[in-house]
1. Rounded to the nearest 0.05, what FRET efficiency is calculated for Glu110 and Asp71 with R0 set to 22 Å and r the Cβ-Cβ distance?
2. Can you give me the distance in nm between label points at Lys150 and Met1, each placed 7 Å from the Cα along the Cα-to-Cβ direction?
3. Per residue, how big is the convex hull around the C-alpha atoms of the range 1-78? Give it to me in cubic angstrom, could you?
4. What FRET efficiency, computed as 1/(1 + (r/R0)^6) with R0 = 22 Å and r the Cβ-Cβ distance, is obtained for Ala161 and Thr81, rounded to the nearest 0.05?
5. Helix-only estimate, please: 222 nm mean residue ellipticity of the chain, summing -39500 (n - 2.57) across DSSP H runs of length 4 or more and dividing by its residues, to the nearest 500.
6. At most 15 other Cβ atoms within 10 Å and a DSSP loop assignment: could you name the chymotrypsin sites (Phe, Trp or Tyr not before Pro) in the range 1-95 that fit?
7. Where in the chain are the DSSP H helices whose alpha-carbon span along the long axis reaches 24 Å or more and whose Kyte-Doolittle mean is at least 1.0?
8. What is the sum of charges around Ser78, taking Lys and Arg as +1, Asp and Glu as -1, for the other residues whose C-beta is under 11 Å from the C-beta of Ser78?
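Laboratory data are not the source of any read-out in this text; all were calculated from the coordinates shown. Just so you know, these numbers come straight off a predicted model, no measurement behind them. Backbone-built Cβ (ideal geometry, glycine too); neighbour counts: all protein chains shown.
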Amino acid sequence: MIMNMVSLAAKWAIPSILFFITLLAFVRRVNVYESFIEGAQEGFMTAVKTIPFLVAMFVAISVFRASGAMDLFVETVSPVTGFFGIPAEILPLGIMRPLSGGGALGITAELIKVYGADSFLGRLASTLQGSTDTTFFVLTLYFGSIGVSKYRYAVFSGLSADITGFIASVFICNMVFR
């Protein structure tokens, strides 16, 4: 019964919101089409402004991976992380996730392909993917596109949240899946 209600609410949530916004605009005598076109133009200009930031970020990530720096880092810290129950295979995902969602998703897909979706590493990778964010991507793209240049505390806050999500993922997966 409850699942049916939740399913029905999920199915009608977006159409209901769109209807409510259109109705509210009609009541306030707002030209919805013109407002939409104006917003789309602003969105397009924002997208154009973010392209240089995206290119710079993707080049930096590619250099980091292709140079072998990530592999060297993982090899160096894996004895320490192994002591804490963190498998070495998950470290590239932990490193890549704050940098790039697409790169992290590729690593997650590879881990699932190699070890299986129901394996400990597959479950840990999935949990980590959902528990952390693309901090540097967000800072580069969004802060760069609006001209924010002093984001020191945002970096600290975002990376603290990513580290907390990583540690919590490992801890919970070790408790639940081992």
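1. Details: r = 14 Å, r/R0 = 0.63.
Once rounded, the FRET efficiency stands at 0.95.
2. Simple spin-label model gives 5.8 nm for this pair.
3. On the way: hull volume 14.9 nm³, N = 78.
Enclosed volume per residue, from the Cα hull, is 191 Å³.
4. Details: r = 19 Å, r/R0 = 0.88.
Computed FRET efficiency for Ala161 and Thr81 comes out at 0.70.
5. Working: 8 runs with 139 residues, N = 178.
Dividing the helical sum by the residues of the chain leaves -26500 deg cm²/dmol.
6. Working: sites: Trp12, Phe19, Phe20, Phe26, Tyr33, Phe36, Phe44, Phe53, Phe58, Phe64, Phe73, Phe83, Phe84; in loops: Phe84.
Those that pass, being in a loop and sparsely packed, are Phe84.
7. Values: long enough: 2-27 (35 Å, 1.88); 32-66 (48 Å, 1.03); 152-177 (37 Å, 1.32).
Helices meeting the span and hydropathy rule in the chain are 2-27, 32-66, 152-177.
8. Values: positive: none; negative: Asp71, Glu75, Glu89.
Neighbourhood net charge equals -3.
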